[in-house]
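Data block below; observations after.
The values are calculated or read from the model by the stated rules, or taken from the named source; none is laboratory data. Because the structure is predicted, anything quoted here is derived from the model rather than measured. Here Cβ is always computed from backbone atoms with ideal geometry, including for glycine, and neighbour counts include all displayed protein chains. All accessible areas refer to the heavy atoms of the entire protein, side chains included, with ligands and DNA or RNA removed. Shrake-Rupley method; radii C 1.70, N 1.55, O 1.52, S 1.80 Å.
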Amino acid sequence: MIPKKYEMIVFAFFMSLFMTMLMSFVITFINVGLIDGFFHRWFQAFWRAYIVAFPAILFVAPLVRKLVNKLVAEY
């Protein structure tokens, strides 16, 4: 099991992994359709986007949490 102190890194890893897989798949499909070599193109788009998404989520997630905490009322 992974220690609690690494929660943000694990969260960023999985969030960026799943969102990048989904979005790169959709965008690749929209741009080229289901052609021969689709999965190769999709994987190229995925890993290029992932190397940006993972550090971006590490940076952006704390800012989004603060923003959400300010916007959501406590009752």
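For every residue, the table says whether it meets (1) in a loop (DSSP other than H, G, I, E, B); (2) charged (D, E, K, R).
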position	(1), (2)
Met1	yes, no
Val10	no, no
Met23	no, no
Phe29	no, no
Phe43	no, no
Phe54	no, no
Ile57	no, no
Arg65	no, yes
Val68	no, no
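For (1) open to solvent by 70 Å² or more (accessible area, probe 1.4 Å); (2) of a type in the set (Lys, Arg); (3) in contact (Cβ under 8 Å) with a residue 40 or more places away in the chain; (4) in contact with a strand residue (DSSP E or B) (Cβ under 7 Å, 6 or more places away or on another chain), each residue gets a yes or a no:
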| site | (1), (2), (3), (4) |
| --- | --- |
| Met15 | yes, no, yes, no |
| Leu22 | yes, no, no, no |
| Phe25 | yes, no, no, no |
| Trp42 | no, no, no, no |
| Trp47 | yes, no, no, no |
| Ala56 | no, no, yes, no |
| Ala61 | no, no, yes, no |
| Lys66 | yes, yes, no, no |
| Leu71 | yes, no, no, no |
